[in-house]
Each structure stands twice: as C-alpha cells, then as structure tokens.
Amino acid sequence: MNNFTYYNPTKIEFGKEKENKIGEYIKQSGIKKILLVYGAGSIKRTGLYKKIIISLEKNDIEFEELSGVVSNPLLSKVNEGIQLAKDNDIEAVLGVGGGSVVDSAKAIAVGSMYDGDVWDFFINKAQIKEALSVFTVMTLSATASEMNGNAVIINDDTKQKYSIASVLINPKVSVINPELMATVSKEYLAYSAVDVISHCIEVYFTASTHPHFNSRIVESIVKTVMETTEILLENPNDYDARAEFAWAAIQGLNGLTPAGTEGGSFPNHMIEHSLSALYNVAHGAGLSVVIPAWMKWYKEQNVAQFKRFAKEIFNSEDENVAIEKLEQWFAKIGAPTTLKEVNIPRNGIEDLAINANELANVWGLGELYSKETIVKILEKA
Ligand code: NZQ
Ligand code: ZN
C-alpha cells in the first residue's frame with residue numbers, strides 16, 4: 001500500500017425525513033443567507049421544495065433561488081448563479097437535486113469569491129483558494145458529488161466538459177434520504193448504476209498497485225449496485241435497496257477506493273465527457289457505451305486485475321466473458337452500449353476523439369490517449 005492523505009470534511013446526514021432539518025444544519029454553521037439551487041422542477045413535483053422552504057424559514061435562513069439547472073450542467077447557468085450570489089451577499093449555496101445541481105452549486109461557490117472568469121479554475125489558469133460553503137439535499141444517487149470536492153461543468157461556448165476539484169467545495173453537510181430518490185426514472189437509475197460502477201472500476205483496472213482491501217471494497221460496491229439496481233427496477237419504493245445503493249454510490253467516489261493505490265486514472269470518464277459535451281448524452285449513458293469498448297481495448301494491460309474482476313463479479317475464469325457479461329448487464333437494465341443507440345454517427349468519432357484528447361492533455365493522460373487511440377476505442381463502440 002502506498003502513502004496517502006485521506007481527508008473528507010463532509011458530514012453526511014442519512015435517513016428518513018432528514019431533509020426537514022436542512023435549515024437547522026445551515027444555521028448551525030452560523031449562516032444566515034443562502035442561494036438555493038435546483039433543476040428543472042422534479043423537486044416541486046415531489047413536494048420537496050416546500051419542505052426545504054419551511055425548514056429554511058423556521059430557522060430564519062434568508063434565500064435567493066436559481067432554478068433550471070439542466071442535466072449536463074452549463075457554465076452559463078453557473079454564471080447566472082455567481083451574479084445572483086454577488087449581488088445578494090450570499091454566504092452559502094444549497095443544492096437540492098442530483099449531481100448536475102450540486103456541481104453547479106459548487107462552481108457558484110467558487111466563482112462567487114473570485115473576480116475573474118470561473119472557467120479559469122477549470123482550465124488550470126487559477127487555483128481555488130476560497131469558496132462559499134456548500135450544502136446539499138440529494139434526490140439522486142450516482143456521482144458522490146455529495147461527499148467529494150469535484151464539480152463537472154460544460155462550457156456552452158467551447159463545448160468542453162471539464163472539472164474542478166478542491167476540498168474547499170466538499171459540502172459541509174449533505175442530506176441523503178433514500179426515500180427522496182424513489183421517483184428517479186428507471187432510465188436514470190440505470191445510468192446511475194453504470195456511473196457508480198465506473199467510478200470504482202476505473203482506478204481498480206488502471207492503478208499500478210492493488211491492495212486487496214481496496215479491490216474488495218470495489219467488488220463490494222459493484223455487487224451491491226448490481227443487486228440493488230435489479231431490485232429497484234422492480235420496486236422503486238424498496239427503502240433498503242435504495243439506501244444501500246445510495247451509501248455504495250457515495251463510497252464510489254469519496255476518496256476511499258483509491259486511497260493507498262497508485263497511478264489510477266479515469267479514461268472512461270475522460271472519453272465520456274466528450275459524448276456529453278458534443279451530443280448532450282446523459283453521463284451514465286455515455287459511460288455504458290464507452291466502458292465495454294475501453295475494456296476490450298485495455299484488458300491486456302492489466303490481465304491479472306481483469307481476471308480477478310471476472311472471478312469476483314461473474315464467477316468466471318475468463319476476462320472476455322466478464323466484459324461480455326457486464327455489457328449484457330448494462331443492456332439488461334436499459335443502458336445503451338453502442339454509439340448508435342445514443343444517436344452518434346460513425347463520422348462523429350473523429351470530433352469526439354479530438355475533444356477527448358484535449359481533456360486527456362489537461363488530465364495528464366495525453367501520452368496514452370492520443371486522438372488515434374481514442375478513435376480506436378470508440379470504433380469498438
Ligand atoms: O432537473 P430535475 O427536474 O431535478 O430532474 C433531474 C434530471 O433531469 C432528475 N431527477 C433528479 N432527482 C430526481 C429526478 N427526477 C425525479 N425524481 C428525483 N428524485 O434526474 C435527471 C438527472 O439529474 P442529474 O443531476 O443530471 O444526474 P446525476 O446525479 O447523474 O449527475 C450527472 C452529472 O454529474 C457529473 C456528470 O458528468 C453529469 O454532468 N459528475 C459529477 C461528478 C462529481 N461531482 O464528482 C463525478 C461524476 O463522474 C460525474 O462526472
Ligand atoms: Zn461519473
């Protein structure tokens with residue numbers, strides 16, 4: 001096991017009815033005025049919006065609102081939020097929704113404390129030194145944005161889907177009530193499952209060291225997600241399955257699984273971000289297209305770990321069988337596995353590869369993932 005620093009300052013408030021206490025949690029931090037950020041309206045349809053407002057008012061928290069964050073969140077909306085925050089002396093940002101809403105809240109928290117263009121942080125032109133506090137009430141479990149310092153945003157002008165990372169935007173408190181997730185569509189449940197699996201297996205396959213403990217956590221998360229997804233597709237109201245899914249999703253990208261490993265990277269995410277940026281493909285749907293293709297291309301580079309995955313997840317001695325079974329499972333739960341299914345034509349591959357290679361250079365992966373290599377991977381999809 002390698003040396004590492006593990007620091008995760010997010011407090012998780014997990015369980016039924018905890019959303020009714022969000023005002024109290026914010027007040028405990030001495031904050032009096034917030035920006036409430038949410039999406040296209042699911043929180044109004046489910047009645048959650050009302051509960052949040054009641055809790056804020058009960059605790060004398062003043063608020064401004066920013067609605068209309070879309071899945072694959074846009075920089076233009078983030079900039080709208082930054083202006084609102086600056087004009088209204090906002091002290092913290094509360095995101096109520098899924099990863100897109102929470103990532104937007106985080107980017108607003110950073111941009112509100114900065115005089116320049118918030119995109120500077122995404123292209124490494126500036127370092128994050130301060131940010132407003134972030135709070136969340138999650139309505140969809142997938143990204144683990146509720147317990148990490150990442151935010152992923154699309155620049156509407158340049159069509160780049162890039163990210164920032166800083167412990168300063170780890171949420172102070174995240175409320176996870178699995179009941180709030182019962183209304184997530186089957187489609188997004190499937191995409192969420194793929195996303196969580198991807199967060200775990202990317203480092204599992206690409207790292208150069210593989211402590212058994214870390215591998216076992218990953219295998220546990222993958223098995224838990226596969227089992228609970230199947231239960232939830234049948235019965236969306238199964239609380240225990242929803243709760244296990246949510247907790248597993250959080251562990252998938254909160255720093256736990258890579259701690260002590262070395263050399264891990266996120267090439268599937270890197271390539272997927274181009275599908276999202278250029279074709280507005282949902283994140284998990286893009287991943288289910290990229291992952292099987294990438295696995296077929298990459299498997300020789302870490303045969304032992306692919307064999308281990310085959311044995312532990314699919315009880316097979318053959319890594320090729322495991323890749324096939326994973327692809328079949330994605331299809332079974334309703335996630336696409338070909339570019340065709342997400343309406344990307346073969347002649348779109350070149351531009352995707354150019355876009356992904358630019359991100360590869362930002363992430364320091366440009367040597368392994370040249371444009372030509374990314375074309376080769378995508379042709380398998
Ligand atoms: O906008 P509303 O009306 O809320 O609808 C949303 C949205 O259409 C809906 N939804 C959410 N909760 C619901 C619900 N519908 C009914 N009932 C509920 N309880 O679901 C749709 C998708 O929401 P979104 O937030 O986009 O999904 P997700 O949580 O998967 O977030 C995806 C975004 O996060 C980024 C992705 O790239 C993508 O942009 N990621 C963020 C990461 C991070 N911060 O660490 C890491 C990930 O790898 C990922 O890249
Ligand atoms: Zn992801």
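The values are calculated or read from the model by the stated rules, or taken from the named source; none is laboratory data. Owing to the predicted nature of the structure, the values given are computational and were not obtained by experimental measurement. Note that each Cβ is placed from the backbone with ideal geometry, even for glycine, and that neighbours are counted across all protein chains shown. Each accessible area value is taken on the protein alone, full model and side chains, heavy atoms only, with ligands, DNA and RNA left out. Shrake-Rupley method; radii C 1.70, N 1.55, O 1.52, S 1.80 Å.
Over all distinct alpha-carbon pairs, what is the Kirkwood Rh of the chain in angstrom? Before the final figure, lay out each step's value.
Values: mean 1/r = 0.0477 Å⁻¹.
Kirkwood hydrodynamic radius for the chain: 20.9 Å.
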Normalised by the residues of the range 185-379, what does the relative contact order come to in percent, with Cα pairs under 8 Å and at least six apart? 24 percent
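Listed highest first by mean packing, meaning other Cβ atoms within 10 Å per residue, what order do 242-248, 138-144, 158-164 come in?
Details: 242-248: 22.0, 138-144: 27.7, 158-164: 20.0.
Peptide ranking by packing, descending: 138-144, 242-248, 158-164.
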0 to 90° range, to nearest 10: angle between helix 319-333 axis and the chain longest Cα axis: 40 degrees
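Summarise the accessible area of the range 185-379 (1.4 Å probe, protein heavy atoms) by the percent that is carbon and sulfur.
Of the solvent-accessible surface of the range 185-379, carbon and sulfur hold 50 percent.
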Take the Cα of Ile54, step 7 Å along the line toward its Cβ, and report every residue of the range 16-36 whose backbone nitrogen sits under 18 Å from that point. 16-26
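Enter the accessible area per residue of the range 185-379 (Å², integer; probe 1.4 Å; all protein chains in place). Write down the numbers at each step before the final one.
Details: 7860 Å² over 195 residues.
With the other protein chains kept in place, the range 185-379 gives 40 Å² per residue.
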How big is the gap, in Å, between the Cα center of the range 125-156 and the Cα center of the range 350-381? 25 Å
What Kirkwood radius, in Å to one decimal, follows from the Cα pairs of the range 57-113? 11.5 Å
Convex hull volume per residue in cubic angstrom - Cα atoms of the range 35-77: 60 Å³
Cα-based equivalent ellipsoid, the range 11-180: semi-axes from gyration tensor eigenvalues, Å: 24, 17, 14
For the chain, whose charge dipole is built from +1 on Lys and Arg Cβ atoms and -1 on Asp and Glu Cβ atoms, the candidate among Gly348, Asn315, Ile169 with its Cα farthest towards the positive end is Asn315
In whole angstrom, note down how far apart the Cα centers of the range 1-41 and the range 211-245 are. 23 Å
Computed over the chain: longest principal axis from alpha-carbon atoms vs helix 186-206 long axis, angle to nearest 10 degrees, is 60 degrees
Grab the DSSP H runs of the chain that are 4 residues or longer, score each as -39,500 (n - 2.57), total them, divide by all residues and round the 222 nm result to the nearest 500 deg cm²/dmol. -15500 deg cm²/dmol
Amide H of Lys11 versus every other amide H placed in the peptide plane: which residues, excluding those fewer than 5 positions away on the same chain, fall under 5 Å? Val173, Ser174
Please state the charge dipole magnitude for the range 11-180, taken about the Cα centre, from unit charges on C-beta atoms (+1 on K and R, -1 on D and E), reported in debye and rounded to the nearest 20. 460 debye
Compute the helix-to-body angle for 283-298: its Cα long axis versus the longest principal axis of the chain, expressed 0 to 90° and rounded to tens. 30 degrees
Compute the distribution of all C-alpha to C-alpha distances in the range 1-85, in bins of 5 Å from 0, and list the percent of pairs in each, rounded to whole numbers. 3, 12, 18, 18, 20, 15, 6, 4, 3, 1
Residues in the range 61-77, backbone N under 11 Å from the label point at Asn280 (7 Å along the Cα-to-beta-carbon vector): list them, ranges by number please. 70-72
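Based on Cβ point charges of +1 for Lys and Arg and -1 for Asp and Glu, what charge dipole magnitude is obtained for the range 185-379 about its Cα centre, in debye rounded to the nearest 20? Spell out each step's value before the answer.
Details: 15 positive and 26 negative charges, 24 e Å.
About 120 debye.
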Calculated from backbone phi, Karplus (6.51, -1.76, 1.60) coupling profile of the range 224-239 in Hz, x at Gly/Pro: 4, 5, 5, 5, 6, 4, 5, 5, 6, 5, 7, 9, x, 8, 5, 4
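Taking the Cβ of Asn155 as the center, what net charge do the other residues with Cβ under 14 Å away carry, scoring Lys and Arg +1 and Asp and Glu -1?
On the way: positive: Lys77, Lys125, Lys159, Lys161; negative: Asp103, Asp117, Asp120, Asp156, Asp157, Glu358.
In short, -2.
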Relative contact order computed over the range 55-152 (Cα-Cα under 8 Å; 6+ residues apart), in percent: 31 percent
Convert each backbone phi in the range 117-134 into a coupling constant with the Karplus relation 6.51 cos²θ - 1.76 cosθ + 1.60 (shift: θ = phi - 60°), then list the ³J(HN,Hα) values in order as whole Hz, x for Gly and Pro. 7, 4, 4, 3, 6, 7, 10, 6, 8, 9, 9, 6, 10, 8, 7, 5, 5, 10
What is the set of long-range amide H partners of Gly39 at a cut-off below 5 Å, with H atoms built 1.01 Å from backbone N? Gly68, Val69
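Using only Cα atoms, figure out Rg for the range 185-379 and give it as a multiple of 2.2 N^0.38 Å. Display every interim value, and only then the final one.
Working: Rg = 16.0 Å, N = 195, 2.2 N^0.38 = 16.3 Å.
Compared with the compact-globule rule of thumb, the range 185-379 sits at 0.98.
I'd like to know how the range 285-381 sits against the 2.2 N^0.38 Å rule of thumb: what's its Cα Rg over that expected value? Display every interim value, and only then the final one.
On the way: Rg = 14.2 Å, N = 97, 2.2 N^0.38 = 12.5 Å.
Rg over 2.2 N^0.38 Å, computed on Cα atoms: 1.14.
Given the peptides 63-69, 362-368, arrange them by the average over their residues of other C-beta atoms within 10 Å, most packed first.
Details: 63-69: 18.4, 362-368: 13.6.
For the peptides 63-69, 362-368, the packing ranking is 63-69, 362-368.
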Return the sequence-ordered ³J(HN,Hα) values of the range 30-46 in whole Hz as given by the Karplus equation 6.51 cos²θ - 1.76 cosθ + 1.60 applied to θ = phi - 60°, using x for Gly and Pro. x, 9, 10, 9, 10, 9, 8, 10, 8, x, 7, x, 4, 6, 7, 4, 8
For Gln83 and Thr158, compute 0.36 nm times the residue count separating them, minus their Cα-Cα distance, and round to one decimal in nm. 24.9 nm
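What accessible area per residue, rounded to a whole number of Å², is obtained for the range 11-180 using a probe radius of 1.4 Å? Show your work: numbers first, answer last.
On the way: 6810 Å² over 170 residues.
In whole numbers, the range 11-180 has 40 Å² accessible per residue.
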Full extension between Arg45 and Ser316 adds, at 0.36 nm per residue less the Cα distance, a length in nm of 93.1 nm
Please list, ordered by chain and number, the residues whose modelled amide H lies under 5 Å from the amide H of Val137; skip anything fewer than 5 residues away on the same chain. Gly95, Val96, Gly97, Val175
